[in-house]
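Notes to accompany the following structure.
Read the figures in this text as sums done on the coordinates, not as results from a lab. Here the structure is a predicted model, which is why all the values come from computation and not from measurement. Cβ atoms come from the backbone with ideal geometry, glycine included; neighbour counts cover every protein chain shown.
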Amino acid sequence: MKVNLKRVNNAFHYEALNADNIKVDIDANPAIGGEEKGARPMELLLMGVAGCASIDLGLILKKQKQELTNYEVEVTAQRNDNVAKTFKAINLHFMLWGNLETNKVERAIELTLTKYCSVALSLDTAIEITHTYTIK
């Protein structure tokens, strides 16, 4: 796996490209000179957790033969009051639509976050990762 990051302007706007030339714009917080031209790095990390968990959860539910008709996840996080402002806690709230069995959804979420989601499993164990869900 490889990505390339290049500076776009003299502020903090960067462009990251993956091996397939898919572009992601990255910028800093306006409080330190960012211009809101891209996602902030810590937001990208939360997006990565959400994306990874969503892919794994979808695969597990499909294997369980659950009928998922729509899906969203909202990720909220608390940051520590240290110099780096590292994450203290992350919560993923899964919203699932379809003909779904509660026990299978619960098991799928548990497997996703404890066994399969490589992004969540790559984070520091000091970060408390929790989840909630609703089935609609």
Just to be sure I understand: with springs between alpha-carbon atoms less than 10 Å apart, which residue in Asp20, Asp124, Asp56 has the highest mean-square fluctuation in the Gaussian network model of the chain?
Asp20
Test of understanding: what is the full-extension gain from Ala11 to Trp97, defined as 0.36 nm times their sequence separation minus their Cα-Cα distance?
26.7 nm
Efficiency of FRET between Asp20 and Leu44 - r from beta-carbon atoms, R0 22 angstrom, step 0.05:
0.80
Using a Gaussian network model of the chain whose springs link C-alpha atoms within less than 10 Å, name the residue from Ala126, Ala84, Ala28 with the highest mean-square fluctuation.
Ala84
What is the diffusion coefficient of the stretch 41-127 in µm²/s, taking the Kirkwood radius over Cα pairs and the Stokes-Einstein relation at 10 °C with a viscosity of 1.306 mPa s?
116
Give the residue list of trypsin sites (Lys or Arg not before Pro) in the stretch 38-100 that are DSSP loop and have at most 15 other beta-carbon atoms within 10 angstrom.
Lys65, Lys85
For Val3 and Leu59, compute 0.36 nm times the residue count separating them, minus their Cα-Cα distance, and round to one decimal in nm.
17.6 nm
Of Ser54, Asn82, Ala39, farthest towards positive along the dipole that unit charges on Lys, Arg, Asp, Glu beta carbons give the stretch 37-104:
Asn82
Which of Thr114, Thr76, Thr125 fluctuates most in a GNM of the chain (C-alpha springs under 10 Å)? That residue is Thr125
Could you state the angle between the C-alpha long axis of helix 41-63 and the longest principal axis of the C-alpha atoms of the chain, as a value from 0 to 90 degrees rounded to the nearest 10?
20
Can you list the residues, at least 5 places off or on another chain, whose amide H is less than 5 Å from the amide H of Tyr133, using H built in the peptide plane?
Phe94
Qualifying GluC sites (Glu not before Pro) in the stretch 44-136, DSSP loop, other Cβ atoms within 10 Å at most 16
Glu101
